[in-house]
Each structure stands twice: as structure tokens, then as C-alpha cells.
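Derivation of every value follows stated rules applied to the coordinates shown; laboratory data play no part. These numbers were taken from a predicted model, which means no experiment stands behind them. Glycine gets a Cβ as well: all are built from the backbone with ideal geometry, and neighbour counts include every protein chain shown.
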Amino acid sequence: MSEIKVNKISPRTACGTTTLGDSGDTFTIPAGVTITNSGTAAGFGATGAASWDTTVKTTGFTAVSGVGYFVNTTAGAISVNLPAGTAGDVVAIKDYANTFDTYAVTLVQNGSDKIGGSAVNATLLVEGLAVTLVFIDATQGWLVTDSGLQSESPTARYVTATGGTITTSGDYKIHSFTGPGTLSVSSAGNASGSNTVDYMVVAGGGGGFGANGANSGGGGGAGGFRETTGCGYTSSPLGAGVPSLPVSATGYPIVVGGGGAGSVCNATASTGSNSSGLSITSAGGGAGAPSQPQGPAVGNDGGSGSGAGGGAPGVRAGGAGNTPPVSPSQGSNGGARPSPTGPDHQSGGGGGATAVGTAACASPLSGVGGTGATTSIIASPTAYAGGGGGSGYTPQFPAAPGLVGNGSSCGTGGSGAVSSGGGGTAEAGTTNRGGGGGAASGNSGSGDTGGAGGSGIVVIRYKFQ
């Protein structure tokens, strides 16, 4: 390899041009070499380019022409002293931690050098801002030639939160609240990643009625059931068309409603309690109606209505579901007692999330609880909010089961009555499934116990990666 050592290369003639190499040649500049331009550069790209200093600045400093700086104002405001300007000088500044809106950067003039034609220091206070300034002349001084925001070239950000029992399913995180708590969102994400959440809010089911003697009470209504359409899983039919919700970086209180108590020996059963989260509220299920004449045997309203009571002959309505009303409906009506005459030992089943409770029939059958809703929001198909079965005076009239709704031991779901005639106890709704409690009936003067409604649940799901 040949080597030439000279202090200066000049053209042969005055005002001539000196050419280095021929077309296709490559000139290598070793590491550590500095090339200083004290004239006019042509053919090297646009004037105003900066070389970026990758050492992040966290305190005030004096800028050097030709250099760009990443400035971190997390700890407080920072001042940047601009250099004395010569036409063509360039300085660039970038918001390193997206905090300029909290703690700004002040660009301090050098002597009489103006900034944008003004003899006032400039302030950078937009989150994520990047600016390039070029010095033009004494009239305008430093002018912004390029500016931009990180949001104009976003990277994917995802919802991040804590609270409840957290599980994952593929790219999705699931927060299950089986009791009160807070969904604490620390990042709201963005559209390139995720910025919405899906939910399921199930209220507590109503308690079933426990009758005394040759009487029968209504099954408890299921707790209200509300859900989004769902992303990445199969939602219930009630979720169809319900959009996911955007969230902010804040805390969201979660309330999980308890199931209503079943009654004992003609005492009054209790309505289930509401569940809520993300400003979505589901209403507790209606309490099972008493047997006539122990009390008004009309079903009680709620997320799903309870079944009508039996006892003395007469037409009695089941409780109204979807109370208070929301769209889509959060539940169904309870079963009625439609026969004006006997048999009198019949009662209606409680309403479920997707179907009304069955009415008491003229044949020796009490009403069956309404079907609940099945969703895969927790990563596996699970049924919620089935109605409680109505009671029958056994052995004359069989007790009725609940239908699919809360995964209890009665068949494939619901919290139906399993009274056995004489001190029997109805089935309770399964914990955290929101089913209505089954009703119970007495025999030969003994008192039976209605089943308690199942407690509710709140589930939040979102994409986290």
C-alpha cells in the first residue's frame, strides 16, 4: 500500500478544481479522524444535518454546532445555551423521555443572535418533540427547519394493569375479580398495540324461597350479565355488537355483588347485589317469590326476574328481568304461575341471562330456571347466570332444576331446587357464577330452606403483547 504525506493539496491552476480518485473509487476515513468543513460543502447532502450525540443530557449545557442532543427532563426543566451563530450552523434537540410537556427545555440566545426573528429565548414544551434549528443570518437568527413528534411514528404500546387474579391466554391478559378491588391501569396503550379492554360483569343471583308445609316458592332470578363482543375469544350471544372500552392510566374501582340469601320456613328471600366496573353495572337477581298466602306471590324484578310463588290457586306473574333496563338486555323474566285453578303446589323458575324462567304447568311440574350465558372470556367456555328452579310440594309435585347457567351440580348447570319433601334444602347458586338460588317446599308441616344465589364476578381482558 502506497502512502502520501502532505500538508496541503491545491489545484494546478488558480481557481481550478482538484479531483480525488476516479469514478467507482472508495475513500476510507479511519476511526478517530475528524474532518472539519470551514467552507461550503456541496454534493454531500442538504445543509442543516446534525450528528447525534448519544450521551443523554440531564442537566443544562451549551450546544455545539453540527450536533443533535437527546435531552431528558424527567427530573426538571433544562436550559440549552445556543452557540454563536454562523450561517449554516445547525443544532438539534429531541425529547428523550417524552417529558417536555411536564418540564420544558429553554433555548437560550447567544448574545444578540435571534431565534425565529425574535430577541426572546425559545421554549420547547410539547411531549415527544424533536427540532432542528439552522442559523441563517442576523435578521432571523436560528430558524426551525425540521420538527416532529414521536407520535407521528409510534411504536406499539399495550394496556398495562394490575388488580384481581391475573392469568394469561396467548397474547391476552385476564383480570378476574371475585371480590371488591381496583383495576389499576398504568399504561393506556395505543392503537398500534392495544388501547381497549373487554369485560364481563355478572351480579349476584337472587335467593330462592323456602316454603313451609304444603306450599311452594319461586326460584331466584340470575344476576345481571353484561359482556363485550370480545377480541381473541368467543363471547356469549349477549356480547354481540357491544364494543370494547378504552381506558386511561388511572384506577377503576371494582364491585362484586354477593348472592341473595335463600329464605327459611316462609321468611323473605333476598335479592342479589349489584356488580360494577369500568362504569358498567349489572343488577342483582330478583329474590324468589313466596308461596301464597304467605306473602305476595308475584315474582321480584332484577337483573333477571324471579319465579312466581305457588300455594293458593291464582294467576301470578314472574318478576321482570333487565331491571333497570340496559341494551343489550342483562337478563330475562321469571316464570309465571299461569293457571287460575289448581294444582296449587307449583311455582315458576327464575329467569336466566339468555332465557325466561319456565312457568308452572297444569301438570304436576314446577317451573325450570332460565338458561344462562356461556362465554370464553376466561379462556375456556364457562356458563354464568342461570335461573333457580321453582319448588314443588313433594312427593306430589317434583322440584324443578335450573338450566345451564352456573356450573353447579344440578345436571349441566343452574341452581335448581333439589327439595326432597320434608326438611329438604334447595341447591344454591355456584360461587362467582351469578346463578339464582333454587326454591324449596315443605312437607307435613316441616320447613325447607331456599338456596342462596351465587355471588357475581367481574372479568377484564386485554391484549398485552
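Residues in segment 269-286 carry Karplus couplings, in order, of 6, 10, 6, x, 9, 5, 10, 7, x, 6, 6, 9, 10, 10, 8, x, x, x Hz; the curve used is 6.51 cos²θ - 1.76 cosθ + 1.60 with θ = phi - 60°, and Gly or Pro positions show x.
Around TYR233, what is the net charge, scoring Lys/Arg as +1 and Asp/Glu as -1 over all other residues with Cβ under 15 Å from its Cβ? Charge balance in the 15 Å sphere: 0.
Straight Cα distances below 23 angstrom link LYS114 to the lysines LYS94, with same-chain residues fewer than 8 positions distant left out. If you wrap the Cα atoms of segment 51-152 in a convex hull and average its projected area over all directions, you get 5.7 nm². Amide hydrogen proximity for ILE115: with H placed 1.01 Å from N in the peptide plane, the residues at 5 or more positions away or on another chain lying under 5 Å are VAL120, TRP142. Once Rg and the Kirkwood radius are both taken over the C-alpha atoms of segment 193-290, their ratio Rg/Rh works out to 1.16. Measuring nothing but how far apart in sequence close Cα pairs (under 8 Å, 6+ apart) lie, relative to its length, segment 68-136 scores a relative contact order of 41 percent.
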